[in-house]
Amino acid sequence: MNEMGGYIEFDLPVNRGHLHPDALRLNTAGNTFRLILSRGDIHHVYVPNYICDSMVTPLHDMQVKHTFYSVNDQLDPEFFPDINDDERLLYVNYFGIKDDTVARLAKRYGHRLIVDNSQALFSSPLPDIDTLYSPRKFVGVPDGAYWYSRQGERESLHEGLPFATSWQALSHLAGRLEEGASLHYSSYVAYEKRLDTAPIERMSRVSEMILCGFDYESYRERRRENFSYLDERLAAINGMSFDLTPCQVPMVYPLVISRTLRNKESVSNEVRECLLSKKIYLPRYWSDVTVRPTASLQEKALVDDLLPLPIDQRYRQEDMKFMADCVEEILA
């Protein structure tokens, strides 16, 4: 019998449903990848150099052979290997802006492609292709991952998994809301480390409840508006170019200051430090790449050179203007 009476637990209205209602729901994207590898029919994976270690560790843990490949300055694969049925090519839909590349790879490789949509929550999955998502990069939830694959296989792997418990994460999520990010950043880092070693579980009930309460359509529109504003202001100095389709919803605005405009190597760090002084926090994707022997100099440079400007639903056009003004002032 369920407990009754006493204090009322954390609650949110559940009236909109999941953004990905047909996906299986697990606790982390890394564990979703582990579950894919656990089927036993994958013996070798091609992995981009420019990727987080959290997607490489499962390959080591599951003793699956892997080969790194390079991406170019537009984050597309530099080569296209011939792949057998027991091999896969893993590709990251970087920052939610590479749907076209995903479609081309799917046409070439079919079910031998694995799509990491951790940075592309709003991108649609393609039929019969393993696709994983990490909603924590887009909305404030303590855990959660979505997984699409071939029907039948995934249900059998999902059955019997326990639910994750994530109440420990509510302290840093609520703490940021009430007191700001800097006071609770250490708690966030500690919790993220715990997630890295968490067992394969279903999405927690807390995350299930929260994820069904968001107005995703308004989030979609706000992110696209913010991205478009920054691109109008900064496209001329950006070494990356974008052509968003009507369905694409970016995670961030990736700014790589054009080398022709750099008067010194430290300009990206100067921009990052200037924004930090104004309490605008930019993550680095991903420090692991700098020590990866197979990574090119260009891929290693992206760790410092790529400035992921925040564009999410918390911010308005005046926030985008403030960031763009800061960048232009430094470059001037």
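The values are calculated or read from the model by the stated rules, or taken from the named source; none is laboratory data. Quick caveat: nothing in here was measured; it's all calculated off a predicted structure. Methodologically, a virtual Cβ is constructed for each residue, glycine included, from the backbone with ideal geometry; neighbour enumeration extends over all protein chains shown. We work out accessible area using only protein heavy atoms, side chains counted, and drop any ligands, DNA or RNA first. Shrake-Rupley method; radii C 1.70, N 1.55, O 1.52, S 1.80 Å.
Just so you know, in the range 280-312 the residues that are in contact (Cβ under 8 Å) with a residue 24 or more places away in the chain and either touching a Ser or Thr at 6+ places or on another chain (Cβ under 7 Å) or open to solvent by 60 Å² or more (accessible area, probe 1.4 Å) (or both) include one that is farthest from residue 48 (Cα to Cα), and it is 281. The range 156-215 holds helices (runs of 4 or more DSSP H) entirely within its bounds, and those carrying 3 or more residues that are open to solvent by 50 Å² or more (accessible area, probe 1.4 Å) map to 170-179, 185-196. Look at the range 46-61: where a residue is surrounded by fewer than 22 Cβ atoms within 10 Å (Cβ to Cβ) and a partner is modelled with pLDDT under 95 and aromatic (Phe, Trp, Tyr), sitting 6+ places away or on another chain with Cβ atoms under 6 Å, you get 52/286. When the range 64-83 is filtered for residues that are open to solvent by 10 Å² or more (accessible area, probe 1.4 Å) and among the aromatic types (Phe, Trp, Tyr), the ones remaining, listed by number, are 68, 79, 80.
Among the candidates 112, 136, which residue alone is among the basic types (Lys, Arg), open to solvent by 20 Å² or more (accessible area, probe 1.4 Å) and over 14 Å from the mean Cα position of the chain (by Cα)? Criteria check complete, one pass: 112. Among the residues of the range 276-299, the ones that are out of contact with any strand residue (DSSP E or B) (no Cβ under 8 Å at 6 or more places or on another chain) and closer than 16 Å to residue 47 by Cβ come to 6 in all.
In the range 109-127 there is no residue that is assigned to a loop (DSSP other than H, G, I, E, B) and of a type in the set (Lys, Arg). For the range 189-215, the set of residues classified as closer than 13 Å to residue 166 by Cα and among the aromatic types (Phe, Trp, Tyr) consists of 191 only.
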